Amino acid sequence: TMKNFTLFLSLFLLVFSIGCSDSEDADVNNPNIPNTPEGENPAPEIPDDPERVDYELASVNDSGVTGFASFIPNEDGTTTVYIDLENASQGIHPASINFGNADEGGTVAITLNECECEISETVVTQFDNGTPVNFVELVTFDGHLLIYESPSDATVIANTNIGSNAF
């Protein structure tokens with residue numbers, strides 16, 4: 001159930017975060033990397049088979065609502081965006097991925113399924129304007145994710161920067 005899923009996710013994130021030793025970390029500031037010309041850094045590469053990416057939702061407007069959003073790659077190139085809210089009312093909470101970063105705001109890029117009972121799951125294949133988007137493009141997108149109070153109240157209750165804005 002939900003507690004088991006949360007426990008599993010917590011353990012997965014713990015194992016994932018401590019799974020790399022210093023010797024495995026790439027030193028992007030070291031110009032003397034083998035097989036690269038002196039002083040040139042190799043371009044960062046996104047793996048062909050990337051793992052899921054998790055973003056922590058922050059409370060906005062004193063809502064007390066937090067949680068996480070997971071971007072999960074599917075074999076067909078689509079992305080499942082899974083949202084799990086904590087401390088939200090049991091009502092319906094609309095969600096969207098917007099252009100730009102959360103501090104500056106931006107227009108809606110992708111309308112996600114509403115969070116019902118604190119959970120939302122959307123398979124994303126394209127932006128609202130019809131432009132296709134795959135997992136790699138989504139996790140490098142210049143955007144942020146917003147959770148709203150209700151269908152009739154567009155007050156933002158939680159958000160997170162995603163893609164290029166998350167780092």
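The values are calculated or read from the model by the stated rules, or taken from the named source; none is laboratory data. Computed from a prediction, not measured in an experiment: that's the story for all the values here. Counting neighbours? That spans all protein chains shown, and the Cβs are built from the backbone with ideal geometry, glycine included. Ligands, DNA and RNA are stripped out before the accessible areas are found, and what is left, the full protein with its side chains, is counted by its heavy atoms. Shrake-Rupley method; radii C 1.70, N 1.55, O 1.52, S 1.80 Å.
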Original post:
Looking only at the stretch 53-100, which residues are of a type in the set (Ser, Thr, Tyr), open to solvent by less than 10 Å² (accessible area, probe 1.4 Å) and touching a Leu at 6+ places or on another chain (Cβ under 6 Å)?
Top reply: 79, 96
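Is it the case, given these coordinates, that residue 135 is under 16 Å from the mean Cα position of the chain (by Cα) and in contact (Cβ under 8 Å) with a residue 12 or more places away in the chain?
Details: under 16 Å from the mean Cα position of the chain (by Cα): yes; in contact (Cβ under 8 Å) with a residue 12 or more places away in the chain: yes.
Yes; evaluated as a whole, the condition is true for this residue.
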**OP:** Kindly list, by first and then second residue, each pair from a residue in the stretch 114-132 that is under 16 Å from residue 84 (Cβ atoms) to a residue that is part of a loop (DSSP other than H, G, I, E, B) and open to solvent by 80 Å² or more (accessible area, probe 1.4 Å), limited to pairs with Cβ atoms under 8 Å and residues at least 6 apart or on different chains.
**Re:** 114/151; 117/90; 118/90
Original post:
What pairs come up if the first residue lies in the stretch 60-71 and is of a type in the set (A, V, I, L, M), the second is part of a loop (DSSP other than H, G, I, E, B), and their beta carbons are under 8 Å apart, counting only those six or more places apart or on different chains?
Top reply: 65/87; 65/88
